[in-house]
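The values are calculated or read from the model by the stated rules, or taken from the named source; none is laboratory data. These numbers come from a predicted model, not from an experiment. Counting neighbours? That spans all protein chains shown, and the Cβs are built from the backbone with ideal geometry, glycine included.
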Amino acid sequence: MSRTRMSVKVLAVAVGFVGMLGFYTEVRADITPVFTGVTGGPAVFTFSYTMGVGTLESVQPGPGTAPPASTPPGVGTAGAAAFSDYVTIYDFTGFNGTETHPAGWAFQSLLLGSTPSLTSPTDSPTIANLTWYRTGALITGPATITGFSANTTVGSTITNGFFTSDATKNAAGDPQNGFTVETLGFTTVPTPPVTGVPEPTTLLLLGSGLAGLGLWGRKRRREVQA
């Protein structure tokens, strides 16, 4: 049985912020990164995640190979992918190269991807994506996996960001058993810093300069009148 792309299932999970309306629309997820909090500071902050594996689905290690930038459809055979099942968090602003993951997982960071073949979320070519992929034994859902985190240098404020994941259908007797199941949804990432706004020191210097010019102009006018 060819291992083909079963579906692209959209998981709309918006994190509720103060003053914003949070919403949650679930379509049975595959591997879902759930934000569990931010710690650290003042220069480096750690964003932590728990991975949830959906019912009747599994996370398989394949040959333990990291997924490419864009995962092709129809690779390998059912239950034996050419690359491992994985989850990617897009555009993790300020990533400093430091992350953690539990045993049986590996990590890679790309500027673009890894992206399932049937999805095309907005993905900045200048901001790091975080991909964790399975290298250990098969995980059968439902399951919750803790111990994932990544560090940022841009602060502790949060915003919505994209994720994608690739898992394997695990339902005996189902004609799609062993097929790849892909998810596109929202998770939580660091808020990018605001650009183009002068720092307070700059504003203070600018204000002092303008005040000085005003006093100089008044003094010149008095000298001319005298």
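Couple of notes before you dig in:
- The set of residues in segment 140-159 that are of a type in the set (Gly, Ala, Ser), closer than 23 Å to Pro102 by Cα and surrounded by 17 or more Cβ atoms within 10 Å (Cβ to Cβ) comprises Gly141, Ser149, Ala150.
- For segment 96-139, taking the residues that are within 19 Å of Thr152 (Cα to Cα) and β-branched (Val, Ile, Thr), the one that is surrounded by the most Cβ atoms within 10 Å (Cβ to Cβ) is identified as Thr131.
- The criterion of being touching a Ser or Thr at 6+ places or on another chain (Cβ under 6 Å) and either at pLDDT below 95 or farther than 15 Å from Ala69 by Cβ (or both) holds for Thr159.
- Top-ranked residue in segment 116-159 [being closer than 13 Å to Gly52 by Cα and among the aliphatic types (A, V, I, L, M); ranked as nearest to the chain's Cα centre (by Cα)]: Ile145
- Sole residue being touching a residue at least 40 places away in the same chain (Cβ under 8 Å), small (Gly, Ala, Ser) and either within 23 Å of Thr191 (Cα to Cα) or outside the structural domain of Thr115 (by TED's automatic domain parsing) (or both), chosen from Ala171, Ala167, Ala143, Ala150: Ala150
- Condition met for Thr146 (modelled with pLDDT of 90 or more, among the β-branched types (Val, Ile, Thr) and on the phi < 0 side of the Ramachandran plot): yes
- You will find that of Thr188, Thr164, the residue that is in contact with a Phe, Trp or Tyr (Cβ under 6 Å, 6 or more places away or on another chain), surrounded by 22 or more Cβ atoms within 10 Å (Cβ to Cβ) and modelled with pLDDT of 90 or more is Thr188 and no other.
- Taken over segment 116-139, the residue count meeting the criterion of being hydroxyl-bearing (Ser, Thr, Tyr) and without any contact (Cβ under 8 Å) to a residue 40 or more places away in the chain is 3.
- Listing of strands (runs of 3 or more DSSP E) fully contained in segment 76-148 that carry 3 or more residues being within 20 Å of Pro63 (Cα to Cα): 86-89, 105-110, 129-134
- Qualifying residue in segment 64-85 (condition: in the same structural domain as Asp30 (by TED's automatic domain parsing), surrounded by 14 or more Cβ atoms within 10 Å (Cβ to Cβ), at pLDDT 95 or above and within 13 Å of Ile31 (Cβ to Cβ)): no
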